[in-house]
Amino acid sequence: MSEQQNPRISVPASILVGVLAVGAALGISNLVAGLVNPPSTPFLAVGNAAIDRTPKGLREFGISTFGANDKPVLLLGVGITMVILGVVAGLISRRRALPGVILVVVLGVVGLVAVNSRPNTTTVGLVSPVVAAVAGVAALLLLRRATLARSGHVLTAKNATATELAAASHPAADGTPVDEPAGSSHGVSRRGFLGTSAGVAVVAGAAGYGGQLLGRVDIASSQAGVGTIAAPDPLPALKASADFSADKGLPFITSNADFYRVDIALGDGPALTTQDWSLRIHGMVDKEITLSFAELIARPLIEKRLTFTCISYVIGSELVSTADWVGVSLTDLIKEAGPQGGADQIFSTSSDGYTASTPLAAVLEADRGAMLAVNMNGEPLPQVHGFPVRMIVPGFYGYCSATKWLVDIEVTSFADKKAYWTTRDYAATAPVKTGSKIVFPKGLTEPVPTGTVSATGVAWSQPNGISKVEVQFENGSWMEARLADDEGPSTWRMWRIDLPNVSAGNHFLSCRAYDGNGQLQTDVMSPVLPDGQSGLHRINFSAR
């Protein structure tokens with residue numbers, strides 16, 4: 001087919017057509033998802049699929065670089081990718097609609113596959129990506145028609161003269177495409193096209209926002225209904241001598257807002273109310289147990305002060321935090337279910353399909369304090385930290401011990417089932433390695449005064465505790481730091497030391513810890529994979 005039979009849309013108009021078509025697909029699909037099954041939103045499903053398929057090296061880079069902001073960065077990346085694909089869809093549709101239609105349909109198929117792969121998507125939720133493809137194609141065709149619309153007719157091979165087609169599609173003498181012949185009574189209706197574009201944009205935005213409203217779950221009311229839950233044997237108040245924050249150290253208790261977050265969930269995570277929640281304990285047990293939230297908190301409650309460490313902790317990073325937790329003994333629940341011979345794994349599942357593997361023997365240890373937490377620092381669990389219920393098994397990195405939004409526990413064996421990260425080259429289970437870090441001085445960016453410099457830090461070795469911390473200034477001998485009071489073997493411990501006669505200039509400082517059994521922290525550096533990084537924290541700092 002010749003150029004005269006297929007007028008070419010200008011580049012700016014074609015870009016707008018493609019981007020708005022993709023935007024319409026996303027907005028309408030979000031509305032449909034909000035009506036039938038909120039987790040079936042293609043945008044988030046594609047984001048989750050991207051998380052599942054991110055190479056391990058890139059994942060660790062993202063966490064170490066962006067920390068808790070890794071999810072917003074990922075969503076921004078998905079959004080930028082969708083805009084780029086919209087631009088491509090528009091550009092390849094300048095002369096004919098079919099290439100753009102094909103691309104939009106392919107995007108719909110990708111969304112369908114992503115939605116179908118999510119464990120919390122219902123069958124009816126598959127309607128959302130299908131509608132997304134239909135809406136995207138319809139918007140593309142509508143906007144192209146508006147772009148090519150003439151005053152009173154549409155420019156086609158059937159109703160346009162050769163002169164009109166040539167003027168619309170052939171370049172001018174200077175090589176510039178002439179999309180709108182000057183002075184032509186049949187020139188492209190800018191007003192009509194812009195009006196149609198604005199209408200599509202408004203519909204897409206309103207549909208997307210409406211989907212958000214329809215899919216919103218009233219977590220706040222459910223959290224308010226839980227309130228503060230007190231254990232019959234509450235923890236004693238934190239001793240002032242356990243906290244060195246007055247000496248520029250970390251607060252002993254990490255606030256809920258500052259507590260690190262690393263998981264595979266986008267946004268704030270699954271939205272579950274206490275009325276919707278239930279837990280099933282099954283598998284290699286003598287008695288299967290199913291509990292509602294009310295039945296769970298009716299059981300004897302316990303309170304624990306516990307430190308969490310993330311498998312992605314890189315020496316000196318922020319991925320270690322401490323909080324007070326109230327909940328129910330997981331040890332008692334598993335004993336009540338009656339594990340059978342051959343079982344050696346607790347296989348826990350989140351409502352978003354995430355799974356974790358924890359040694360059964362550790363869960364059954366009476367003194368370890370394995371629990372199902374419902375309160376965090378005197379408040380209901382925040383949604384981002386697993387509301388309404390999360391699992392905690394002290395002494396293991398979070399990826400294999402701290403399942404959020406917990407809905408299922410299967411007693412099984414490591415030989416029979418592999419968890420989410422185990423299939424991605426992480427160890428099936430990973431005890432926390434003894435660690436320590438310097439909190440102050442902060443480094444070269446914040447110089448300290450010369451003279452005596454008070455260095456502070458923190459050390460941990462759950463569930464063995466910390467017996468000693470040593471600090472090395474420059475290349476001198478290792479000096480013992482003063483430890484804060486001990487709050488238990490499964491919490492971190494603060495340390496402090498005065499460095500006298502620090503001169504002006506740049507210096508370096510190192511620290512190392514001994515666990516509760518007197519075992520020295522290794523100075524051998526190892527990568528995060530497969531079972532956590534090891535090595536000593538060393539910093540450079542400046543004195544003036």
*If you take the charge dipole of the chain about its Cα centre, with +1 on Lys and Arg Cβ and -1 on Asp and Glu Cβ, which of Val78, Thr309, Ser401 is farthest toward its positive end?*
Val78
*Would you mind ranking Arg144, Arg280 by Cβ crowding within 10 Å, fewest neighbours first?*
Arg280, Arg144
*In what sequence, highest mean first, do 346-352, 413-419, 298-304, 106-112 appear when ranked by Cβ atoms within 10 angstrom?*
346-352, 106-112, 298-304, 413-419
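Please give me, ordered by residue number, the trypsin sites (Lys or Arg not before Pro) of region 35-102 that lie in loop per DSSP and have at most 14 other Cβ atoms within 10 Å.
Hits after loop and neighbour filter: Arg96.
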*Order of Leu98, Leu91 from fewest to most other C-beta atoms within 10 Å?*
Leu98, Leu91
*For region 38-117, which chymotrypsin sites (Phe, Trp or Tyr not before Pro) are both in a DSSP coil and crowded by at most 15 other Cβ atoms within 10 Å?*
none
*What ranking, highest mean first, results for peptides 331-338, 225-232, 268-275 when packing means the other Cβ atoms within 10 Å averaged over each residue?*
268-275, 331-338, 225-232
*asked:* Taking the beta-carbon count within 10 Å as an exposure proxy, list Glu379, Glu474 from fewest neighbours to most.
replied: Glu474, Glu379
*In sequence order, what are the phi-derived ³J(HN,Hα) couplings for region 460-465 according to the Karplus relation 6.51 cos²θ - 1.76 cosθ + 1.60 with θ = phi - 60°, rounded to whole Hz, with x for glycine and proline?*
8, 6, 5, x, 8, x
*Taking the Cα centre of each part, how many Å lie between region 422-487 and region 89-124?*
50 Å
*Quote the relative contact order of the chain in percent (integer), defining contacts as alpha-carbon pairs under 8 Å separated by 6+ residues.*
13 percent
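Kindly provide the trypsin sites (Lys or Arg not before Pro) of region 421-483 that DSSP labels as loop, not H, G, I, E or B, and whose Cβ sees at most 14 other Cβ atoms within 10 Å.
Numbers: sites: Arg424, Lys433, Lys437, Lys442, Lys468, Arg482; in loops: Lys433, Lys442.
Within region 421-483, the qualifying trypsin sites (Lys or Arg not before Pro) (loop, at most 14 other Cβ atoms within 10 Å) are Lys442.
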*On Cα atoms only, tilt of 70-91 relative to the major axis of the chain in degrees*: 10 degrees
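Readers should treat all values here as calculations from the given coordinates under stated rules, not as data from a laboratory. Predicted model only: the values in this text are computed from it and were never measured. Positions of Cβ are backbone-derived with ideal geometry, glycine not excepted, and every protein chain shown enters the neighbour counts.
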